[in-house]
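The values are calculated or read from the model by the stated rules, or taken from the named source; none is laboratory data. If you're wondering where the values come from, they're calculated on a predicted model, not measured in any experiment. Neighbour counts run over all protein chains shown; Cβ positions are idealised from the backbone, glycine included. To get the accessible areas, we keep the full protein, side chains included, count just its heavy atoms, and leave off ligands, DNA and RNA. Shrake-Rupley method; radii C 1.70, N 1.55, O 1.52, S 1.80 Å.
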Amino acid sequence: KMTDVDTFRLLAGHGVQVPSLLDLSNLGTGATVGAAPYALYLKPSYQDNYEIGYDRKLNEINSTLHLAVFHKVSTNLLQYAKLNSGSSIETGFELGLKGQSASGLRWNGSYTYRSVSDHVALAANAGTNLINFQQGTPKSKIVAGLGYNFSKFEIDLQGRWQSSYVDWYNINYFMTTHPTTIGAYPVLDARVAYNFTAGLSLAVSGTALTESKQIQTAGLPVERRLYVTVAESF
């Protein structure tokens, strides 16, 4: 914490993904590894994450400005049930603003950009390669929200938009994968709550309100949903 309003943050992390039991049980053979089982050649996959963050309090508007730059390197990527197949590098940033006024109004907004570059040793032929972070990661994401508390009521709106990306799906339940482009789409969620007491509340919330059904992945469409909840805290 450099000053009362400035905070700098440096983060570093190292993760290890060991081959799963499914990976290690694979006894298939192929010309790329000779006649021995694939499992004998599998190595752990490693992921290194680095991030520099900066927070600035904007007391004039009761908000906090957040900026983060991140870099992620994944090596020895585990190709499903086969072998390690290269590396992937992701670099990006996030810029956000979050605040709340004395009158009960609160807000948040952010923009995230990610650039991914794959270096996969196996040929990325359609229908054969299961690793495609480069095309399978949306480059841009925008999040925005507004909320307001008055008397015993709470009202919240949260919206999210993300750019297009490529997802993969299987045909006839076999491991034959095919790419499909998922277009950019928005998502809108809302919540209205009434607090009877300090611990008892009734809330109505909805998710994916923009459409009755929305394509977000190569799987089943996401349906609009409405929830009514009663909560009691002690």
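Overview of values
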{"read-out": "A193 modelled with pLDDT of 95 or more, open to solvent by less than 70 Å² (accessible area, probe 1.4 Å), of a type in the set (A, V, I, L, M) and closer than 28 Å to E94 by Cβ", "value": "no"}
{"read-out": "Candidate set: the range 121-160, residues that are open to solvent by less than 40 Å² (accessible area, probe 1.4 Å) and within 30 Å of N76 (Cβ to Cβ); chosen: the one modelled with the lowest pLDDT", "value": "G127"}
{"read-out": "Residue within the range 92-109 that is more than 26 Å from G147 (Cα to Cα) and either out of contact with any Gly (no Cβ under 6 Å at 6 or more places or on another chain) or at pLDDT 95 or above (or both) present", "value": "yes"}
{"read-out": "Within the range 160-234, strands (runs of 3 or more DSSP E) holding 1 or more residues that are under 23 Å from Y111 (Cβ atoms)", "value": "165-170, 177-182, 185-195, 200-207"}
{"read-out": "Positions within the range 77-116 being of a type in the set (S, T, N, Q) and either surrounded by 15 or more Cβ atoms within 10 Å (Cβ to Cβ) or not in a loop (DSSP other than H, G, I, E, B) (or both), in sequence order", "value": "Q79, N84, S85, S87, S88, T91, Q100, N108, S110, T112, S115"}
{"read-out": "Residues of the range 65-76 classified as buried (at least 17 other Cβ atoms within 10 Å of the Cβ) and either hydroxyl-bearing (S, T, Y) or not in a strand (DSSP E or B) (or both), total", "value": "2"}
{"read-out": "Selection count where residues are touching a Lys or Arg at 6+ places or on another chain (Cβ under 6 Å) and acidic (D, E), scope the range 177-234", "value": "1"}
{"read-out": "Number of the exception - E51 against (1) in a strand (DSSP E or B); (2) at pLDDT below 95", "value": "(2)"}
{"read-out": "Residues that are under 21 Å from L226 (Cβ atoms), touching a residue at least 24 places away in the same chain (Cβ under 8 Å) and among the small types (G, A, S), drawn from the range 183-209", "value": "A190, A193, S201, A203, S205"}
{"read-out": "Count - residues of the range 208-221 that are within 11 Å of V187 (Cα to Cα) and open to solvent by less than 50 Å² (accessible area, probe 1.4 Å)", "value": "3"}
{"read-out": "Residue within the range 174-182 that is over 17 Å from the mean Cα position of the chain (by Cα), farther than 30 Å from S101 by Cβ, open to solvent by 80 Å² or more (accessible area, probe 1.4 Å) and free of Cβ contacts under 8 Å to residues at least 12 places away in the same chain present", "value": "yes"}
